[in-house]
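Accompanying notes for the structure given below.
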Amino acid sequence: LPPRHMDSVVQIVEALESSQPGFTVPELARALGGCSTLGCRAVLGEPPDVPPAPPALTHEQWLLFTQLLRRRAAAAPEGGAVLAPDGSTVTLGPLFAGIEVGLKRATGCPTPTIEPPIDALYAVTIAEALGTSFLLARGGDSHRATLGPAGCWDNVDDPQNYTLLGPPSPIPDAVAIGAMDGVLLGAQLAREPIPLADLLRGYYGTGNGTEKGRPPSSYRRRDFGVLTGPGKLEEEVVAMLRVLRELPPTQELLEDMGPEEIVAIARQAARDFTEVYVECPAIVPRCMWGARPYRGTPKPLTLPLGSVYIHHTSSPSDPCRTFAACARAMRAMQRFHQDTRGWDDIGYSFMVGSDGYLYQGRGWHWVGAHTKGYNSKGYGVGYVGDFSATLPDPDTIALVRDELLPCAIRTGRLHHNYTLRGHRQLGHTDCPGNSLFHEIKTWHGFK
């Protein structure tokens, strides 16, 4: 089959748009099973019948599109996911459902009237999944996952199989990302309808080899937070739970629940989702950038830590601005640290790309090899590039200063009164470069 990559989806959409009269691509996605939940059907109506295989698609393209959207993919979200050029993984069901709502709004086509009233764009993308996840978790098993996990592809150049990195919740990362993209692209289409292939190509940066810099999709967390806000999200989860209380298959699950309990569930759901997917930055897991195994036995950190040490790589000297370039830089650094320095693994806790993403090195829980004499006392955060004479982009500075560090405090990994230092303060080195060192002197916690 074609790779499970957004490029393949854009090619399919383009072929369908040019040759599929009387059927929009999102309607076709719904016919195939991309909107099979109770709430989604209540908002967008029962799905149309599946049409015959379109002559514009090859057999392999039709098979891929069918596999990505059939009902089984909705039940096992990793089955309905594709890899985007920015390195994120997107489930297509909520993406196309949001796009369909946007198209209906742009053309003035009504959606069914539902009581209590709900915002259709949020209902078909995130509100139902979020409300259901937290509703199910309120029962006996307090350890049940409500959000996440991330996952990894078997091969980022020819992605075919996506495997979750832990026990699934109703909202693994791929579903959360598909839902946020569905909201953003649905809202964009409602304002300015354009061909769907053009919309997807522009947003994800497909077809450009991802070497031209950051696509809009890498700003999804910021843009979703600006558009939505936790108040709006809570409001829509409350509305969706009230709708589910009226629908026979889910009535029993909610019948003994008072208004206060519904609001409490929605508030927790909106707060947790916002923290994980809006306020905390995305971190690319090791398996996505192609890490080698750790050599030996990693030593655990004792959390929370009290320090953060800022580095730059110096070599490579150029910032990496795409997923492909940052993944290459990570592999090169790990090879250097393991093969030349003789370390067990890449030394840093996290690396900072100029593509909008952090990359997991040793991560939150394991002692690194970044700041000799201090590795067990703090996290080593390294910016990819040489920042002796220039600064990272403002977005890239903010990724650590305004997102990673506050997130680490909220999640119990870093003391609120942590100390921040540049590598040069603790060893004989120019790291993290003069420009970056003068910048971090203005950050909270610097001493």
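Relative to the longest principal axis of the Cα atoms of the chain, the long axis of helix 6-17 lies at roughly 30 degrees. Rounded to the nearest 20 debye, the dipole magnitude of the chain is 1700 debye, with +1 charges on Lys and Arg beta carbons, -1 on Asp and Glu beta carbons, and the Cα centre as origin. Net charge dipole, segment 398-447: roughly 180 debye, given to the nearest 20, about the Cα centre with Cβ charges of +1 for Lys and Arg and -1 for Asp and Glu. Under the rule of -39500 (n - 2.57) per DSSP H run of 4 or more residues, summed and divided by the residues of the chain, what mean residue ellipticity at 222 nm is obtained, to the nearest 500 deg cm²/dmol? Rounded to the nearest 500, it is -12000 deg cm²/dmol.
Summary of packing: across the peptides 415-428, 165-178, the per-residue average of other C-beta atoms within 10 Å ranks them, highest first, as 165-178, 415-428.
The amide H of residue 367, built 1.01 Å from its N in the peptide plane, has 299, 301 as neighbours under 5 Å, considering only residues 5 or more places off or on other chains. The trypsin sites (Lys or Arg not before Pro) of segment 324-413 that meet both conditions, a loop assignment by DSSP and at most 13 other Cβ atoms within 10 Å of the site Cβ, are 341, 372. The distance between label points at residue 318 and residue 53 comes to 4.3 nm (points 7 Å beyond Cα on the Cα→Cβ vector).
Against the main long axis of the alpha-carbon atoms of the chain, helix 59-69 sits at an angle near 80°. Taking only protein heavy atoms and a 1.4 Å probe, the accessible area of segment 287-441 is 49% carbon and sulfur.
Just checking the listed ones, 194, 310, 12: in the Gaussian network model of the chain with Cα springs under 10 Å, the one fluctuating most is 194. Of all the C-alpha pairs in segment 75-130, what % are more than 16 Å from each other? Of the Cα pairs, 53 percent sit more than 16 Å apart.
Against the longest alpha carbon principal axis of the chain, how many degrees, from 0 to 90 and to the nearest 10, is the axis of helix 173-191 turned? Rounded to the nearest ten degrees, it is 60.
Averaged per residue, segment 107-167 has 49 square angstrom of accessible surface, using a 1.4 angstrom probe with ligands and nucleic acids left out.
Among 382, 296, 174, which residue has its Cα furthest toward the positive end of the charge dipole of the chain, with +1 on Lys/Arg Cβ and -1 on Asp/Glu Cβ? The one lying farthest along the dipole's positive direction is 296. Couplings for segment 287-304, taken from phi via the Karplus curve 6.51 cos²θ - 1.76 cosθ + 1.60 with θ = phi - 60°, read 5, 7, 8, x, 5, 6, x, 5, 9, x, 10, x, 9, x, 7, 9, 9, x Hz in order; Gly and Pro are left as x. In this structure the amide hydrogen of residue 160, modeled in the peptide plane, comes within under 5 Å of the amide hydrogens of 4, 154, 155, none closer than 5 places in sequence on its chain. Extension gain, residue 443-residue 19: 0.36 nm per intervening residue step, less the Cα-Cα distance, totals 147.1 nm. Return the single residue from 88, 217, 307 with maximal mean-square fluctuation; model: Gaussian network over the chain, springs between Cα atoms under 10 Å. Result: 307 has the largest fluctuation of those listed.
Ellipsoid fit via the Cα gyration tensor, segment 287-441: semi-axes of 20, 20, 15 Å, each the root of five times an eigenvalue, largest first. For residue 312, the amide hydrogen comes within under 5 Å of the amide hydrogens of 383, counting only partners 5 or more places away or on other chains and with H modelled in the peptide plane. Taking every alpha-carbon pair under 8 Å whose residues sit at least 6 apart, the chain reaches a relative contact order of 14 percent.
Working note: Karplus 6.51/-1.76/1.60 with θ = phi - 60° gives segment 223-235 the couplings 5, 5, x, 5, 6, 9, x, x, x, 5, 5, 4, 4 Hz, where Gly and Pro are set to x. Between residue 263 and residue 160, what is the label-point separation in nm under the 7 Å Cα-to-beta-carbon projection? Those two pseudo-labels are separated by 5.3 nm.
The values are calculated or read from the model by the stated rules, or taken from the named source; none is laboratory data. Quick caveat, the model's predicted, so the values are computed rather than measured. Cβ atoms come from the backbone with ideal geometry, glycine included; neighbour counts cover every protein chain shown. Side chains included, ligands, DNA and RNA excluded: accessible areas come from the protein's heavy atoms. Shrake-Rupley method; radii C 1.70, N 1.55, O 1.52, S 1.80 Å.
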